[in-house]
Protein chains: 2
Amino acid sequence: MTSVPEPSAELLQRAGAVRLAAVDLGQTDDHQRAQALQSMADALGERAEAIVAANREDLERSAAEGLAPALMARLKLDAQKLAGAIDGVRKVAGLPDPLGQRQLHRELDDGLRLERVSVPLGVVGVIFEARPDALMQIASLAIRSGNGALLKGGREARCTNEAVMGALKAGLASSSVSPDALALLTTRQESLALLRLDGLVDLIIPRGSNELVRFIQDNTRIPVLGHADGICHLYVDQQADLAKAVRVALDSKTQYPAACNAIETLLIHRSIAADFLAAALPVFAGAGVRLRGDAASVALGIPELADEDDWRTEYLDLILAVKLVDDLTEATDHIRRYGSRHTEVILTEDHATADRFLAAVDSAGVYHNCSSRFADGFRYGFGAEVGISTQTLPPRGPVGLEGLVTYRYRLRGDGHIAADYSAGSRRFTHEDLPL
Amino acid sequence: MTSVPEPSAELLQRAGAVRLAAVDLGQTDDHQRAQALQSMADALGERAEAIVAANREDLERSAAEGLAPALMARLKLDAQKLAGAIDGVRKVAGLPDPLGQRQLHRELDDGLRLERVSVPLGVVGVIFEARPDALMQIASLAIRSGNGALLKGGREARCTNEAVMGALKAGLASSSVSPDALALLTTRQESLALLRLDGLVDLIIPRGSNELVRFIQDNTRIPVLGHADGICHLYVDQQADLAKAVRVALDSKTQYPAACNAIETLLIHRSIAADFLAAALPVFAGAGVRLRGDAASVALGIPELADEDDWRTEYLDLILAVKLVDDLTEATDHIRRYGSRHTEVILTEDHATADRFLAAVDSAGVYHNCSSRFADGFRYGFGAEVGISTQTLPPRGPVGLEGLVTYRYRLRGDGHIAADYSAGSRRFTHEDLPL
């Protein structure tokens, strides 16, 4: 942790102010939080011109500094993109309240009632790269779920982020949520020190490159919601329907190759490989996908030879590694060895084989006869996506608003004491009540 | 992490074997796992004499080495305690299956169905101090929930632990679960290196002193289920019923003072303090509780003066810190500042005040008019307790078998691809189906 500095007194003070505001925010009701988001959206709309102008300033400076075209595109926030982001804030306002959900309701004994109720985490720390729309999205998800947020955006977007944050706070100022619930961190030193705010920050959400996520995971004790690699596999079983397999494999690779849920490795059962590749090679070539295969698949027409590194590489590009396997076990062993536990797919018409795959592969998503690209909070119907987690413990896979809440046990009695139960003068009934 | 050694090749090989066995174990059904536990219990019964003899050896050696009486008592495993532990294994066999629970079931579109299903974590690492019964308990919870386990017991109990583990593995050998699913680590080097087995161990469960837990939390990147401190508070509001308050406060402190859910600090509303203390002081004195108070409470008869350290101390003993507060806000501020987010209690007949306390205090358990000692997995009706967590993220508070499972998303389609939805030729229906 040598490269992570101690938090400055000023950062501690700012984080403390967010935490304090979050205590009140956590006690607001659904209506108050939904209203606060509408108010944030209103303020963004009122300041749209200034925000777009601030963004132009960022774009000009970044162009002069030679920012890569892909990053320039992400940085750009024109009137249309801003209107879309404002619409997104209003959509988050309309999501069902994630707080106050009763998950357990049990009478422990006469007059002694236990509830488990969803509550906010407290304060989330968000570190995102170039995209300024992420600021609006995450800030609205945080407020909707009753959490304060410390947000650190990319240096390239600093004028835009300041203009956006100004609007968000102005919106909160005319709501029942304190503007102190949100704070923008601006220096790199602050974003590093954020990683050390154990006790003041409950969850860190990184939005950016694999390198950023890995650095954060390796340099903080605060839980991190996200994933570094997305090395997803698609296995074409010997009982696969060829046309279906080609179609799903193509979509899984090409529908958006830079996404974490695009496949990076294709595993093919040896007995179907010649037929599958005969059908698939022209289709992949037509889509501009470069294939790298093991020796056996090169013998069947794959143009480039893959090496060990290919099995571990998330290309995020129109490149796909290919390997032939003898059976389902070799496929699942390969996935266990090289996968990142994100999403894996089997293509087969044999449902027993599909069930074995779905039981044996321990990734957050295990799919049968459909594209890996469905691994997404919106496609799952969550209404929002806070991140996709490849950790073992929940929350796992695409995470909606539930990733920003935890729970608390409430127990209400009338003078009940434990000694009565250990003495046997009273007994627990443990009767579940309606939720 | 300087003091934590790299895992040896032998440890990596052993952990790899547990992981491999856990893959198969994760695919067993409820009946197979319940049977495996019965078989473990049978084998423990058959080898009872040898286990008790091994324990006598540990006791004699430890007595010669001058082990403290309290630890000697924990180490002791006589025929009666062993029978109780075996009964415990059978009880875990009878718990409802935590695996295969469908938590979400949704049609994303015609023929495209999403499920979220509970699955095992994989491998848990358990580090426990003197008590050999913890080995039987945790091993049975792990197998019941489909997890492999690497277990490291205390040096004092090494003969007992080896005899117990021999029996557990013999039991598994005559079941459909591989004995490789359990492994006993015996050296201190191994238990330290366990903390570095990221990727092979999914969760670490420490069972022992606060110091042990804190050391583990500070020296591993693997998630840890447990808690270091349990600094629980009880607040006597001005609207408290005095008799009820005295009774609940006494139980919360004395029913088992060494437990993490015993209270360490009593906060009293200034306006009721004289009356409350007049009633409580003789009762606490009668129970042998030493009180240490702030200046205002000393003026009302508390014998010792507390200092700043007292608010941060988990006595785990018949000592209680006392502080007078002006109002609910001062009480909740004190709890926020000094508490460990375990369990806090308010005593009041004013339900609005109680509701404010339950909303404002963000501890795993917030109680009204009942003893803090109810914070326990068995008392909550979970049938088992894996640990009590004071972290913010779930699982939180007393954790039953659900702490040993995670979930996986399964998506089944018939050639569905994402491009159809982004092109608008198909639309998501997101219709929830019966669980």
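Just so it is clear, none of the values below were taken in a lab; they were calculated from the coordinates. Values in this document were obtained by computation on a predicted structure and should not be read as measured data. Cβ: placed from backbone, ideal geometry, glycine included. Neighbour counts: every protein chain shown.
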Let me know the shape class of chain B, please: from the alpha-carbon gyration tensor, a ≥ b ≥ c as square roots of the eigenvalues, rounded when a/c is under 1.5, otherwise prolate if a/b is greater than b/c, or oblate.
oblate
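Normalised by the empirical 2.2 N^0.38 Å for globular proteins, what value does the Cα Rg of segment B:232-374 take?
Details: Rg = 13.1 Å, N = 143, 2.2 N^0.38 = 14.5 Å.
For segment B:232-374, the normalised Cα radius of gyration comes out at 0.90.
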Hand me the GluC sites (Glu not before Pro) from segment A:318-402 located in a DSSP loop with no more than 16 other Cβ atoms within 10 Å, in residue order please.
A:Glu349
Taking 7 Å along the Cα-to-C-beta vector as the label spot, tell me the B:Phe378-A:Ala419 distance in nanometres, rounded to one decimal.
1.9
Once the label point is set 7 Å along the Cα-to-beta-carbon vector, what list of distances in nm do you get between B:Glu65 and its counterparts in the other copies?
6.0
Row for the protein assembly as shown, column shape: gyration tensor on C-alpha, a ≥ b ≥ c, rounded if a/c < 1.5 i.e. under 1.5, prolate if a/b over b/c, else oblate; value oblate
Run through the other copies and list how far each one's label point is from that of A:Ala79, in nm with one decimal, shortest first; the point sits 7 Å from Cα along Cα-Cβ.
9.1
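So how do A:Ile86, B:Ile205 line up by other beta-carbon neighbours within 10 Å, fewest first?
On the way: A:Ile86 22, B:Ile205 26.
Fewest-to-most Cβ neighbours within 10 Å comes out as A:Ile86, B:Ile205.
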Tell me which residues come under 5 Å, amide H to amide H, from A:Gly387 once H is placed; ignore anything under 5 positions away on its chain.
A:Val399
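Apply 1/(1 + (r/R0)^6) to the Cβ-Cβ distance of B:Thr187 and B:Ala243, taking R0 = 56 Å, and write down the FRET efficiency to the nearest 0.05. Write out the running numbers ahead of the final one.
Working: r = 55 Å, r/R0 = 0.98.
Here the calculated transfer efficiency is 0.55.
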So what's the angle, to the nearest 10 degrees on a 0 to 90 scale, between helix A:133-144 and the longest Cα principal axis of chain A?
50
Axis-nearest residue of A (beta carbon) for the A-onto-B rotation, whole Å:
A:Pro394, 3
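Checking the table A:Lys81/A:Lys169; A:Lys91/A:Lys253; B:Lys152/B:Lys253; B:Lys81/B:Lys152 against a 25 Å threshold on Cα-Cα, which pairs fail? Write out the running numbers ahead of the final one.
Details: A:Lys81/A:Lys169 20 Å; A:Lys91/A:Lys253 30 Å; B:Lys152/B:Lys253 32 Å; B:Lys81/B:Lys152 21 Å.
Pairs exceeding 25 Å: A:Lys91/A:Lys253; B:Lys152/B:Lys253.
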What are the ³J(HN,Hα) couplings of segment A:181-188, residue after residue, when phi is run through the Karplus curve with 6.51, -1.76, 1.60 and θ = phi - 60°? Round to Hz, x for glycine and proline.
5, 10, 9, 9, 9, 10, 9, 4
Report, in debye and to the nearest 20, how large the dipole of segment B:1-144 comes out about its Cα centre when Lys and Arg carry +1 and Asp and Glu carry -1 on their Cβ.
260
Net lengthening on full extension, A:Ala68/A:Glu107 (0.36 nm per residue, minus Cα-Cα):
8.0 nm
For segment B:268-334 versus segment B:118-196, the gap between their alpha-carbon centres in whole angstrom
43
Would you mind ranking A:Arg56, A:Arg247, A:Arg188 so that the residue whose beta carbon has the fewest other beta carbons within 10 Å leads the list?
A:Arg188, A:Arg56, A:Arg247
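Output the antiparallel fraction of DSSP beta bridges having both residues in the protein assembly as shown, as a percent to the nearest 5.
Details: 38 of 128 bridges.
Percentage antiparallel, nearest 5: 30.
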Distances in nm from A:Gln27 to the matching label points in the other copies, shortest first (labels 7 Å along Cα to Cβ)
5.4
Return the FRET efficiency for the residue pair B:Arg427, B:Asp327: r is the Cβ-Cβ distance, R0 is 45 Å, and the value is rounded to the nearest 0.05.
0.25
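Where does each of B:Glu211, B:Glu314, A:Glu46 land when they are ranked from fewest to most other beta-carbon atoms within 10 angstrom? Spell out each step's value before the answer.
Details: B:Glu211 9, B:Glu314 17, A:Glu46 13.
Fewest-to-most ranking of B:Glu211, B:Glu314, A:Glu46: B:Glu211, A:Glu46, B:Glu314.
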³J(HN,Hα), Karplus 6.51/-1.76/1.60, whole Hz, each residue of segment A:426-435, x for Gly, Pro
9, 10, 6, 9, 6, 9, 5, 10, x, 5
From phi via Karplus (6.51, -1.76, 1.60), per-residue ³J(HN,Hα) for segment A:330-339 in Hz, x at Gly/Pro:
5, 5, 5, 4, 4, 5, 5, 6, 10, x
B:Arg290's amide H: which non-local residues (gap 5+, or another chain) put their own amide H closer than 5 Å, with H modeled 1.01 Å from N in plane and none for Pro or chain starts?
B:Ile319, B:Leu320
Spelling it out for A:Ile263: with amide H atoms placed in the peptide plane at 1.01 Å from N, the residues 5 or more places away or on another chain with amide H under 5 Å from its amide H are A:Lys253
